[in-house]
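Shown next, in structure tokens, is the structure this report addresses.
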Amino acid sequence: MPTTEAKIAVVGAGLAGLTLASELAQETSALVIDRLPMYGGVLGYEHPLVRTLARRCEAVRVEFHLATTATRWEGHRVLLVGPTGIRWTPATRLLIATGTRPSTQAEMGISGERLAGVLPAPVAIHLAEAEVTLGHRVTVVGWGNWANRTLEAIRHHGAHTACIPLSDAPGVADGFDESWPGWYPVRVEGRSRVERLILAKDGAEHVIECDAVILAAKPRPLRNVDGAIWPDSPSATFIQPVAESLTAEEVVEAAKKAAAELGSRAAMGSR
Amino acid sequence: MDRADVLVVGGGVMGAAVAARLSQTTARVLLVEEQDDLAEGASKANAGIATSFYGRPGTLEARLIAESNPRWEDLCGRLDVPYRRIGAVMLAVGPREAAGLPAVYEAIVAHGARAELVTAEQARDLEPLITGDCAGGISLPDEGIIDPMRLTVAYAELAARNGATIERSRRVTGFSVADGEVNEAETTGGPVRVTFVVNAAGLFADEVSRMAGGESFRMWPRQGQYWILDRAFGSRLRRLVYPIPMEHTRGAQVVPTTNGSVLLGPSAADTELRLDKATDLATLRWLLEQTRKLVPDVSDAYAIKTYAGNRPAGDEIFRARFDHNIRNLIHVGSRSAGVSVSPALGDHVLGLLRDAGLAAIDRAEAGDAIPTVPRLLNAADPEELPSLDPRYRHVVCACEQVTAVEISAALESRVPATSIDGVRKRTRATGGRCQGSVCMVGVAFLVSQHTGQPPECIRHGGFGGTLGVGHADY
Ligand SMILES: Cc1cc2nc3c(=O)[nH]c(=O)nc-3n(C[C@H](O)[C@H](O)[C@H](O)COP(=O)(O)OP(=O)(O)OC[C@H]3O[C@@H](n4cnc5c(N)ncnc54)[C@H](O)[C@@H]3O)c2cc1C
Ligand SMILES: Cc1cc2nc3c(=O)[nH]c(=O)nc-3n(C[C@H](O)[C@H](O)[C@H](O)COP(=O)(O)OP(=O)(O)OC[C@H]3O[C@@H](n4cnc5c(N)ncnc54)[C@H](O)[C@@H]3O)c2cc1C
């Protein structure tokens, strides 16, 4: 845990967090916190851009706290939980760069019970990569980064795949066995495991028979540090680019812009 | 063959509360629950209000509530269950409702519950978020909130620690009856010779009664739906906010929970589908409209989740009595207040059994508490936790601040979690804002370690659902 008083604490060592820290640490001391034991976030530590940014962070002596979770923010101190203990750690500003997550069933307005087989994409991807067969008929809701990563992870499992892209842009949902552009999922049905996903469009309904529904749409900022959940939280800034489909460059760009704004504010002495 | 002085059928809050009390006596207790965990029926789908009044004054239900209410702090301290006596404010919105307040007030104090008529201004002091249209209200200081799942599990845990047998995934399928008495229960785990049977089967109490040759009564689901709003909203709300009750329902309420979130609900619709727990948009929208009349800041922008539960409704709204036909069969059940009566229910049932001749003597050495597991989420001094157990340094669920310690405790208790939902019930992991999108894999891994099952077989969702359907070997 830090010995000197840190100026800024960055939560998340994905592209956004690494970019922020490498830019800001030139002016002020910075620490970067990530719950995973490695930096890189969704791209992983071997991604060339991640490696470059990490080297840059080291050069400006960013302090890394990996395998450490930020849990609470009180405006001037953040509660860090990690291998060296649980510590309230002082910081003048908290930068939330914790990435995104897909919308939940409730946020999507998909009614019905909580059924087995309905999984958020990050969970589905992990399980599929551990060779768990998610279903024989897998329906993916969404068309962006999460959906593509899901398809990639289950490709060799031999399932029939359907996509509910929520978009009718051409080329979207390529690679799926079927696609339902323009339709919106409204309900899941089944007894123990999901058996059907009901779609609606202009008052009409369509039933997709499936044994897995992967929620991979409408990304939202992942917010899990109490005291830094809403945009108006004191001394907290949120750098979480959100879009159905993003590129690494777009995220770096957004983080650089935020760093420049924060840097000029710091230079003017405001908090 | 298994033998039980008292066989409790059903592992909801009522069955578990009865088992906990009986376990402190010399009676041999067996509780069987057909689902793979406790609190899978109404007991996991309620609002967790430990109310100070319900039903008609003078009824057994009202009496047990009055007896239970003063006990909450002590009981929950011993059972390591979150409870807060935060009080409620019941609001009259508009002059017409205000005119009805005195009558409502009289009805409440007839229960012996503490209540006070308050002005709109006083109501706003109690809860600053209430509507500007408030025209007066009633302060109800003894209304409290509790975690009903933790409570149910804790009752069962206490029972097990005192030597009762708690068997999940075991269903009662029939009884053999002779001379107006049940002497054997058939279950999916083999027959049980019984001296007494407590029917705590909730919505299925009618089936159990029928199987035992008892009274024929009818149960039906009264469905209630809820929104769950984020802790970020909950942190602004101080009290329960109630509307003026209608004749058959208390209406849609704004309910803070012990974990900081807020519930909006419930609705009330009698249905025929006992296993249907689906929500629908029209009802959910209606709940928002209704609760916004009480607390205008309520918004689905804070929504984490929605859910529905089925109240075990019946022609009798409350039962804790012997069957009229079968001498050794007791029915316990409550449509809307099972949590609130549970502290006193065990004593009442024990009294009935003793009167009927059961030699159940209190054992001096029996326990009345279970071990406390400090939780990171509400630790006032979190920095001290790792000295109790180094695994506190490992957060599994960031949204709900659940560490490996809380999860291991849930997986290692006498009535352990064996599924993702079982862990959620006992610790809240996977139950927060992101609904497990970050931590479910970690929870699955810990469950897998403890149960020895591969991840695809780990139970998730209701009725024996699993995470995956198989393993891809190629
Ligand atoms: C699934 C997916 C796949 C993608 N694939 C590509 C691709 O192949 N190529 C491409 O160009 N772009 C891809 N993108 C787009 C873009 O590159 C990513 O969106 C971007 O890398 C995200 O960076 P980030 O820093 O915002 O978030 P993340 O990479 O998600 O990083 C957030 C970090 O915060 C940590 N964290 C969260 N909460 C806490 C807490 N409380 N305490 C401590 N740490 C915490 C997490 O562990 C995580 O490491 C993908 C996006 C997604 C969602
Ligand atoms: C929407 C809603 C809101 C509520 N709000 C509140 C509140 O705020 N405060 C309050 O005090 N109460 C409230 N209640 C009421 C409360 O939830 C119930 O009174 C209570 O949970 C009933 O408990 P129980 O143990 O009788 O039933 P249940 O919890 O339904 O348990 C019955 C159990 O019996 C099992 N079972 C059935 N048949 C068999 C068999 N043949 N063999 C083995 N096992 C069997 C079932 O699987 C089930 O687990 C609410 C209820 C609902 C639905």
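The values are calculated or read from the model by the stated rules, or taken from the named source; none is laboratory data. Small disclaimer: the values here were computed from a predicted structure and weren't measured. Note that each Cβ is placed from the backbone with ideal geometry, even for glycine, and that neighbours are counted across all protein chains shown.
Given the structure, is B:L229 closer than 30 Å to B:A379 by Cβ, within 21 Å of the chain's Cα centre (by Cα), free of Cβ contacts under 8 Å to residues at least 60 places away in the same chain and within 14 Å of another protein chain (Cβ to nearest Cβ)? No; evaluated as a whole, the condition is false for this residue. From the list A:T52, A:T71, the lone residue that is within 14 Å of chain B (Cβ to nearest Cβ) and out of contact with any helix residue (DSSP H, G or I) (no Cβ under 7 Å at 6 or more places or on another chain) is A:T71.
A count restricted to the stretch A:118-130 and to residues that are out of contact with any Pro (no Cβ under 8 Å at 6 or more places or on another chain) and either charged (D, E, K, R) or more than 7 Å from chain B (Cβ to nearest Cβ) (or both) stands at 6.
When A:V42, A:V81, A:V10 are checked against the criterion of being surrounded by 17 or more Cβ atoms within 10 Å (Cβ to Cβ), among the aliphatic types (A, V, I, L, M), more than 9 Å from ligand 1 (Cβ to nearest atom) and closer than 20 Å to B:A398 by Cα, A:V10 stands alone in meeting it. Residues considered: A:I154, A:I239. Of these, the only one that is β-branched (V, I, T) and either free of Cβ contacts under 8 Å to residues at least 12 places away in the same chain or not assigned by TED's automatic domain parsing to the domain that holds A:A91 (or both) is A:I154.
Specify which of the listed residues (B:G87, B:G94) is of a type outside the set (V, I, T), at pLDDT below 95 and at positive phi.
Step by step, each of B:G87, B:G94 is checked, and only B:G94 is of a type outside the set (V, I, T), at pLDDT below 95 and at positive phi.
Contact annotation: residue pairs with Cβ atoms under 6 Å, 6 or more positions apart or on different chains, pairing a residue in the stretch A:195-213 that is more than 14 Å from chain B (Cβ to nearest Cβ) with a partner that is polar (S, T, N, Q) and part of a strand (DSSP E or B), are A:I208/A:T139.
Across the stretch A:94-116, what is the number of residues that are at pLDDT 90 or above and facing chain B (nearest Cβ under 7 Å)? Counting residues in the stretch A:94-116 that are at pLDDT 90 or above and facing chain B (nearest Cβ under 7 Å) gives 5.
So which residues in the stretch A:217-255 are loosely packed, with under 15 Cβ neighbours inside 10 Å, more than 14 Å from chain B (Cβ to nearest Cβ) and over 14 Å from the mean Cα position of the chain (by Cα)? Those that are loosely packed, with under 15 Cβ neighbours inside 10 Å, more than 14 Å from chain B (Cβ to nearest Cβ) and over 14 Å from the mean Cα position of the chain (by Cα): A:E249, A:E250, A:E253.
The residue list B:A201, B:A282, B:A269, B:A205 contains one member that is within 14 Å of chain A (Cβ to nearest Cβ), small (G, A, S) and more than 16 Å from ligand 1 (Cβ to nearest atom), which is B:A282. Which condition number in (1) at pLDDT 95 or above; (2) assigned by TED's automatic domain parsing to the domain that holds B:H248 is the one that B:E33 fails? Tallying (1) at pLDDT 95 or above; (2) assigned by TED's automatic domain parsing to the domain that holds B:H248, B:E33 fails exactly one: (2). Looking only at residues of the stretch B:1-43 that are surrounded by fewer than 22 Cβ atoms within 10 Å (Cβ to Cβ) and near ligand 2 (Cβ under 7 Å from one of its atoms), we find that the one that is nearest to the other protein chains (Cβ to nearest Cβ) is B:Q35.
What is the one condition in (1) closer than 28 Å to B:K305 by Cβ; (2) surrounded by 23 or more Cβ atoms within 10 Å (Cβ to Cβ); (3) free of Cβ contacts under 8 Å to residues at least 60 places away in the same chain that A:I86 does not satisfy? If we test A:I86 against (1) closer than 28 Å to B:K305 by Cβ; (2) surrounded by 23 or more Cβ atoms within 10 Å (Cβ to Cβ); (3) free of Cβ contacts under 8 Å to residues at least 60 places away in the same chain, just (1) comes out false. Can you confirm whether A:R149 is surrounded by fewer than 21 Cβ atoms within 10 Å (Cβ to Cβ), more than 10 Å from chain B (Cβ to nearest Cβ) and within 30 Å of A:D226 (Cβ to Cβ)? Here the answer is yes, as A:R149 does meet what is asked. The stretch B:396-474 holds helices (runs of 4 or more DSSP H) entirely within its bounds, and those carrying 2 or more residues that are in contact (Cβ under 8 Å) with a residue 60 or more places away in the chain and more than 9 Å from every other protein chain (Cβ to nearest Cβ) map to B:420-427. Scanning the stretch B:157-208 for residues that are away from ligand 2 (no atom under 14 Å from the Cβ) and within 20 Å of B:R327 (Cα to Cα) turns up B:S176, B:V177, B:A178, B:D179, B:G180, B:E181, B:N183, B:E184, B:R193, B:T195, B:F196.
Only a single item in (1) away from chain B (no Cβ under 14 Å); (2) buried (at least 17 other Cβ atoms within 10 Å of the Cβ); (3) away from ligand 1 (no atom under 12 Å from the Cβ) is not met by A:T28, and it is number (2). Every listed requirement among (1) touching a residue at least 24 places away in the same chain (Cβ under 8 Å); (2) closer than 28 Å to B:P221 by Cβ is met by B:R56 save one, (1).
Tally time: how many residues in the stretch B:336-364 are part of a helix (DSSP H, G or I) and under 21 Å from B:A154 (Cα atoms)?
Going through the stretch B:336-364, the residues part of a helix (DSSP H, G or I) turn out to be B:338-355.
Those still in the list that are under 21 Å from B:A154 (Cα atoms) too: B:338-350.
Looking only at that region, the number is 13.
With respect to (1) modelled with pLDDT under 85; (2) surrounded by fewer than 16 Cβ atoms within 10 Å (Cβ to Cβ); (3) of a type outside the set (D, E), the lone exception for B:P245 is condition (1). Quick one: is B:D270 within 22 Å of A:I198 (Cα to Cα), charged (D, E, K, R) and modelled with pLDDT under 95? For B:D270, the condition - within 22 Å of A:I198 (Cα to Cα), charged (D, E, K, R) and modelled with pLDDT under 95 - is not met. Scanning the stretch B:171-203 for residues that are surrounded by fewer than 21 Cβ atoms within 10 Å (Cβ to Cβ) and within 20 Å of B:G462 (Cα to Cα) yields B:R171, B:T188. Please verify whether B:L388 is surrounded by 20 or more Cβ atoms within 10 Å (Cβ to Cβ) and either more than 16 Å from ligand 2 (Cβ to nearest atom) or more than 8 Å from chain A (Cβ to nearest Cβ) (or both), treating the condition exactly as stated. Criteria not met by B:L388. Note on the stretch A:131-145: residues that are at the interface with another protein chain (Cβ under 8 Å from one of its Cβ atoms) and either among the aliphatic types (A, V, I, L, M) or surrounded by fewer than 23 Cβ atoms within 10 Å (Cβ to Cβ) (or both) amount to 5. When B:A359, B:A320, B:A313, B:A301 are screened for being away from chain A (no Cβ under 14 Å), among the aliphatic types (A, V, I, L, M) and either under 30 Å from A:I110 (Cα atoms) or within 16 Å of ligand 1 (Cβ to nearest atom) (or both), only B:A313 passes. Filter the stretch A:163-213 for residues that are of a type in the set (D, E) and within 15 Å of A:Q105 (Cβ to Cβ) and give the result. A:E189 - this is the single residue of the stretch A:163-213 that is of a type in the set (D, E) and within 15 Å of A:Q105 (Cβ to Cβ). The lone criterion from (1) farther than 30 Å from B:E184 by Cα; (2) of a type outside the set (K, R); (3) modelled with pLDDT under 95 left unmet by B:G41 is number (1). When B:I361, B:I370 are screened for being within 27 Å of B:P343 (Cβ to Cβ) and surrounded by fewer than 19 Cβ atoms within 10 Å (Cβ to Cβ), only B:I361 passes.
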